[in-house]
1. Please give the number of the condition ILE68 fails out of (1) closer than 25 Å to ASP233 by Cβ; (2) open to solvent by 50 Å² or more (accessible area, probe 1.4 Å).
2. Test ASP301 against the criterion of being among the acidic types (Asp, Glu) and touching a Lys or Arg at 6+ places or on another chain (Cβ under 9 Å), and give yes or no.
3. Search the range 374-388 for residues that are within 12 Å of CYS325 (Cβ to Cβ) and pair each with any residue that is open to solvent by 60 Å² or more (accessible area, probe 1.4 Å) when their beta-carbon atoms are under 9 Å apart and the residues are at least 6 apart or on different chains.
4. Taking the range 116-132, which residues are in a helix (DSSP H, G or I) and crowded, with 19+ Cβ neighbours inside 10 Å?
5. For the range 79-113, which positions are farther than 20 Å from ILE236 by Cα, in contact (Cβ under 8 Å) with a residue 12 or more places away in the chain, touching a strand residue (DSSP E or B) at 6+ places or on another chain (Cβ under 8 Å) and outside any strand (DSSP E or B)?
6. Restricting to the range 346-362, count the residues that are part of a helix (DSSP H, G or I) and either in contact (Cβ under 8 Å) with a residue 12 or more places away in the chain or open to solvent by less than 50 Å² (accessible area, probe 1.4 Å) (or both).
7. Which number in (1) surrounded by fewer than 22 Cβ atoms within 10 Å (Cβ to Cβ); (2) on the phi > 0 side of the Ramachandran plot marks the one condition that SER234 misses?
8. From the list SER265, SER226, SER239, SER220, pick out the single residue that is more than 21 Å from TYR155 (Cβ to Cβ) and at pLDDT 95 or above.
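The values are calculated or read from the model by the stated rules, or taken from the named source; none is laboratory data. What you see is a predicted model, and the numbers here were worked out from it, not measured in a lab. Here the Cβ positions follow ideal geometry from the backbone for every residue, glycine too, while neighbour counts run over all protein chains shown. Keep in mind that these areas ignore ligands, DNA and RNA; they rest on the heavy atoms of the full protein, side chains included. Shrake-Rupley method; radii C 1.70, N 1.55, O 1.52, S 1.80 Å.
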Amino acid sequence: MLTTTGLRLGTLGLGIGLGIHLLYKSRWLSTISRAAYHPLQDAGSHPVRKALMDAVSRGRTRVWPPQIKEVNGQTRLPVKGGLKVEDLAYRSERGGSSQAWVPLRIMSSTTEGKGVRKPVVIFLHPTGHSMRTEHEKQESYAAAGYLTVAIDCRYHGERCPAVPGQEPRQVYQEAIVRAWREGPERPFLLDNVWDILALLDYLCTRPDVDTSRIGITGTSLGGMHSWLATVLDSRIAVSAPMIGVQSFNFAVESGQFQGRVESISNVFSAAQSDMGKSSLDSEVVAAVWRKIMPGLLEAYDAGQSLPLIAPRPLLVANGELDHRCPMEGVYPVWKVTQAAYMTAYRQEHPGSSKEAAEQAVAQLLKLYVEPGVGHKETPGMNKEIRQFMDQHLLKKQ
């Protein structure tokens, strides 16, 4: 079993001269130093980040040092030869919530020797699925030299409690209804971003992780998590959200919200009833977003937050006909994001020509729109993301 020893020191760091030791299966012993603790100071350095961090944290402090435990992996999918797997769970919040422990699976190649720090890719699944959905991608990337990571999002997979008479997806939907009516949980997007921050805390303590080469990608729900986590946490070096980036404001203002509503329809039906509305309209949709994602429409929607990822490599993959992430709303976001990357490049390279800046930014910022495709993950999207990760994470350091 995994054991931790030492003192809990909240969010203020470890104190001068203090170290905390993490013992994992007696195979390696690492000291979690002050340098390993990341206070997310950059989260408060910009009003958009601060608004997002306030909504994500909802008054919580991070669990430090990381608490990890082994779990029985017999119910998880078998792994190909040449790969090693670690079936774990980590604590992302204090207290007795059913969602406090996050199921975690890590894969890596058995061919690298000890002491090799690997690039990391975190994979995040779509609504109604689990980390099992990411299994083949985890294997493929791990065989290429990555340390690959997948988790179950809130009320999905191993985190979905058994409720008599309810299918797993219904349990998730009802958790969002509770968030609308009661709070304080925010299980759609924000609590999952909190879990990702805790995951990064743990990964950055591992001696086999190159903390300067951490990438993240996800599909649909996981794509939204990827986008928001990257905005908040600069430890994510490369980001590639798939069919997740969208403008919530555009959808509300244009009335093109039905696609997104369909993915978590119960909460909108509850809100329509609670507000005494005869039909679902933009007022109901906006009210739901303001309750379950406070500040989103006013402070950290894509047009405000996506540009803050600059100058880190970012690839956004969407379908041309995606009704949940309509490109009419994505293109204006993309324009302001491009401008932010151009500004960041010119600040780093004063006096550079417009052509040089555009060429450099084209390597860092990519929008892949697959023609004729709706809200669907495709081999083409996965190919683009794999090439992008390899370009920026497997390069010689």
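1. (2)
2. Judged against the criteria, ASP301 is not a match.
3. Pairs that qualify, where the first residue is within 12 Å of CYS325 (Cβ to Cβ) and the partner is open to solvent by 60 Å² or more (accessible area, probe 1.4 Å), are GLY374/GLU320; GLY374/LEU321; GLY374/HIS323; HIS375/LEU321; HIS375/HIS323.
4. Listed by number, the list holds a single entry, MET131.
5. Answer for the range 79-113, where residues must be farther than 20 Å from ILE236 by Cα, in contact (Cβ under 8 Å) with a residue 12 or more places away in the chain, touching a strand residue (DSSP E or B) at 6+ places or on another chain (Cβ under 8 Å) and outside any strand (DSSP E or B): VAL79, GLY82, THR110, GLU112.
6. Here the count works out to 7.
7. (2)
8. When all the criteria are applied, what remains is SER239.
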